[in-house]
Amino acid sequence: MKNKLNKNFWNKHGHVVIIYVFLVALMLLVSVFSRDFFTIGNFKNLLRTSFPLLMVALGQTLIILTGGIDLSLGGIVALANVVCVMTMNTESPVGFILPLIAAVVLGLVCGALNGVLVTRGNLAPIIVTIATTAIFDGCALLLMPKPGGSVHKAFSKFLTRGLKGAVPLILFLVILILVRTLTNQTPYGKALRAIGGSENAAYSTGVKVKKVKFIAYCLAGLLCAAAGIFLSAQMNSADATIGKNYAMNAITATVVGGTAMTGAVGDPLGTIAGVFIISIINNMLNLFGVSSFYQFVCQGLILILALSLSAMHKKH
């Protein structure tokens, strides 16, 4: 009985365990070259720089669990960033409230657009999101052709360094708990995974496939809006091209974290490990003065390695 339980645990969570072991090993390796790595200040900085990608990757996880993919998430991040900064009133004590609402609504609308096209239009997610990427990126550039703008100082300081730097950690934990609870412990999460396993089978058992998928795209849009808002506070400005690499990085982090590209299988906890692995490797390459071009090569190799590990784990 005990062996059966252990086997079930390993089959269900094996990849997540492996990826966290790899993350710890990577952190120990980096600490050899950087004595300041295991410091509270460095971990706060790592979380601040990783927070936008963490949000986008959690959104991508929701989409991939349905068996879909969303290449437009970076475009939503950029558009939310631009709209947030453009509507910011730096003179008013509450000048950050309207930008927050505007960015959240925009993220929801963008996600809903993707959801409608995929579910009602019966179009392939990859085709839909390639098209909407161009739309979102184009709108961001139309609104702000050059990087600029300014952000409410109190809002920026609180979001990135408030409560002695604990605000990003609190936000991250709250959102992670909500997303993981949704995917792992609710009827909606079961429906999400059922669709990823077999859409026809899920439909035949009474799952409202279109509704579940539509909600997934809306939630991904909201998470990208959170990333865009945080980037606004982090940069104290806006950049219409800021989201360029987020979609692919989010896919890499999600797959590295054990979410199967075919859908149904995955855990947001694994996605988090994937994000930190990517962030730490990029930081390490920067530390060694390695060209940013090699970072893309490195990410590609990490993705191949993760897919290989996933395939090996499935065989066992």
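The values are calculated or read from the model by the stated rules, or taken from the named source; none is laboratory data. Remember, predicted model here, so these are calculated numbers, not experimental data. Cβ atoms come from the backbone with ideal geometry, glycine included; neighbour counts cover every protein chain shown.
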Criterion violated by residue 211 - all others in (1) surrounded by fewer than 20 Cβ atoms within 10 Å (Cβ to Cβ); (2) at pLDDT 90 or above; (3) in a loop (DSSP other than H, G, I, E, B) satisfied: (3)
For residue 25, are the conditions met, namely being closer than 22 Å to residue 255 by Cβ and either at pLDDT 95 or above or more than 15 Å from the chain's Cα centre (by Cα) (or both)? yes
Within region 218-253, can you find the residues that are in a helix (DSSP H, G or I) and either of a type in the set (D, E, K, R) or in contact with a strand residue (DSSP E or B) (Cβ under 7 Å, 6 or more places away or on another chain) (or both)? 232
Name every residue in region 215-241 that is buried (at least 24 other Cβ atoms within 10 Å of the Cβ) and within 19 Å of residue 292 (Cβ to Cβ), in order of residue number. 231
Taking the condition of being assigned to a helix (DSSP H, G or I) and under 23 Å from residue 143 (Cβ atoms), how many residues in region 54-84 meet it? 15
Go through region 243-262 and count every residue that is surrounded by 21 or more Cβ atoms within 10 Å (Cβ to Cβ) and either touching a Ser or Thr at 6+ places or on another chain (Cβ under 6 Å) or modelled with pLDDT of 85 or more (or both). 13
Residue 159 being within 15 Å of residue 238 (Cα to Cα) and touching a residue at least 40 places away in the same chain (Cβ under 8 Å): no
Test: residue in region 56-68 that is of a type outside the set (Lys, Arg) and farther than 26 Å from residue 212 by Cα: no
For region 13-53, what are the residues that are of a type in the set (D, E, K, R) and either part of a helix (DSSP H, G or I) or touching a strand residue (DSSP E or B) at 6+ places or on another chain (Cβ under 6 Å) (or both)? 44, 48
Just one of (1) farther than 22 Å from residue 250 by Cβ; (2) modelled with pLDDT under 85 trips up residue 18, so point out which. (1)
From 105, 82, which residue is surrounded by fewer than 22 Cβ atoms within 10 Å (Cβ to Cβ), over 16 Å from the mean Cα position of the chain (by Cα) and not small (Gly, Ala, Ser)? 105
Looking for whichever is part of a loop (DSSP other than H, G, I, E, B) and surrounded by 18 or more Cβ atoms within 10 Å (Cβ to Cβ) here; the options are 128, 151. Which one fits? 151
In region 283-311, what residues are buried (at least 18 other Cβ atoms within 10 Å of the Cβ) and at pLDDT 80 or above? none
Can you tell which of 100, 47, 71, 54 is farther than 22 Å from residue 148 by Cα and surrounded by fewer than 20 Cβ atoms within 10 Å (Cβ to Cβ)? 47
